[in-house]
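Encoded as structure tokens, the structure appears first; notes follow it.
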Amino acid sequence: MTPLVATDETAPSSVSRALDDLVREHNSALFAYARTMLTDHHLAEDVVQEAFIKAWHHADRLLNQEGSVRGWLLKVTRNLIIDRMRSAYARREALTRDIPDTALRDETDSLLLSLDVASLLRDLSPEHREALVLIYIYGRTADEVSHLLGIPAGTVKSRHHYALRGLRRMHAGYRS
């Protein structure tokens, strides 16, 4: 992991060879770092490739510097990862002129209905409301409700019948 050193007389072909050596020496370390940070194999490959392109653009400074080449490459890779994670690409945003035609389901009617039902249930006696809730909300049978409440099954059926009848009357009066 020694820094590559070039002289002022360095020919373009020797710079190319030096960059090839740079890739050979640091590629696996940069890829391992990017893969750990991104948890995506292909995205890590893209970031490492971008890091080496930046190295190629700054070859004159990189090859003549005194410090650690790997340190510079890791810093560039880290910055590219941060940029990628903050970008619209990471948020899966796309620029488009077309607005997708996706209709959202209108929940207004069901919300109003549930408010109506809640209001009507409040007007029932506690015994009638309890029978309806256990039967319709919790899906219990009359026999199960009778065991839960400790009352005869016939009483549960009677409460259920009179509760529905009361709801129908209240609902008819509520609508008018």
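The values are calculated or read from the model by the stated rules, or taken from the named source; none is laboratory data. No experiment lies behind these values; they were computed from the predicted model shown. Reconstructed Cβ throughout: ideal geometry from the backbone, glycine too, with neighbour counts over all protein chains shown. Note: accessible area is taken over every heavy atom of the protein model, side chains too, but ligands, DNA and RNA are not part of it. Shrake-Rupley method; radii C 1.70, N 1.55, O 1.52, S 1.80 Å.
Structure summary
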quantity: Every pair of residues 6+ apart whose Cβ atoms lie under 6 Å, when the first sits in region 154-171 and is under 10 Å from L120 (Cα atoms) while the second is assigned to a helix (DSSP H, G or I); calculated: L167/L120; M170/L120
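Quick grid of which residues meet (1) at pLDDT 80 or above; (2) open to solvent by less than 70 Å² (accessible area, probe 1.4 Å):
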position: D83; (1), (2): yes, no
position: A103; (1), (2): no, no
position: E127; (1), (2): yes, no
position: V133; (1), (2): yes, yes
position: S146; (1), (2): yes, yes
position: A153; (1), (2): yes, yes
position: S158; (1), (2): yes, yes
position: Y174; (1), (2): no, no
